[in-house]
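Okay, so here's the structure we're looking at.
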């Protein structure tokens, strides 16, 4: 499939890297010469330095012969114009990143298949975290019957130092499965011999009715947040605060700029707006940080978000969540006082990847501190997996099947589970095994 991506920013470069790695024919258009040069040196695809809204540049990129246009530059106007050109050339599928509400209506009128707002996507993810207790991820599959939970291992947890096989022997009738362990930025697909260590980021698949058992096993609370403190007055902070307030969650936003505080207070009357430094312990104490169930550090700077989250945690806050632009930092800081992370780039990329791969693949999820993907796919009539047990499949070490939906029922499989035509499989795989995962669909 030939794909043209307009914009080599955080979202565009990430998508280009993922899709080109999978063997797609990717062309990237970037107006900034320095950014274009960096993309060309780091991504195995053609990068064109030019204006993505220019018909001449789009023609040079071969847009007329393309199957998909993804316009995700930082300019709404450029993205809309690129989609207009794609519409004139009858490009089969188009995706556009647009934040301006008025332009969203215009781009939808152009027949764009997916309009994505990274800020809204990240805000929805943050609200999901706040309402789901002490977890780093909560992702639903199989129409919500299976849930992928993520959490960090406390150094005092009783299962630290034990293998998963040893832990399995202590649990009767288990309906959950540890599928991956992320340690210092490296992802280990879980096996019976995998040992859990302090601060590991654990990904666990659980059946919906047994989520509480998984919470208890991890030593976490499933109670939704009643009080949330948001650090920063960015667009993401405002979007998230609005969504929390709409759910009647007590929300306080702390922002140092007085003029911005006045605007926010007018826009969000249901949110308590405080003018102060988000990393100042005195300010945080005065706003009752120790009673906050969740603190979200959402300023525009990674360093401030790290500091704000760690200060909040040291002052007694419950769950702390930090926004990151540079996701490489996430792997370095995972589990060291920060309970969860969010990235607008990954939130947007997840939604776009779901669209790009739709068909036999129903869902795609990536993680902020891992290059693994969680994929929901359907087993077609030509799948080589039909009639075989998981043990018989001899899957690579970098891939695991964490869940199966069969008809109206979904369950966590075991080694003797036999694959049937029409099954929906939830596969967790590292990049090198994604082609193998896709082959399971037939």
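Do the sum for the chain: with -39,500 (n - 2.57) for every DSSP H run of n ≥ 4, divided by all residues, what is the mean residue ellipticity at 222 nm, to the nearest 500 deg cm²/dmol?
Helix-only estimate at 222 nm: -9500 deg cm²/dmol.
According to the square roots a ≥ b ≥ c of the eigenvalues of the Cα gyration tensor, what is the shape class of segment 349-439, taking rounded for a/c under 1.5, prolate for a/b larger than b/c otherwise, and oblate for the remainder?
prolate
Using a simple spin-label model with points 7 Å from Cα along the Cα→Cβ vector, what separation in nm is obtained for residue 56 and residue 100?
For the pair residue 56/residue 100, the computed spacing is 2.4 nm.
Sort segment 1-71 into rounded, prolate or oblate with this rule: let a ≥ b ≥ c be the square roots of the eigenvalues of the Cα gyration tensor; rounded if a/c is under 1.5, and if a/c is not under 1.5, prolate when a/b is larger than b/c, oblate otherwise.
Oblate.
We did not get these values from a lab; they are worked out from the coordinates using the rules stated. Bear in mind the structure is a predicted one, so any value in this text is a computation, not a measurement. Quick reminder, even Gly has a Cβ in these numbers, built from the backbone with ideal geometry, and neighbours come from all protein chains shown.
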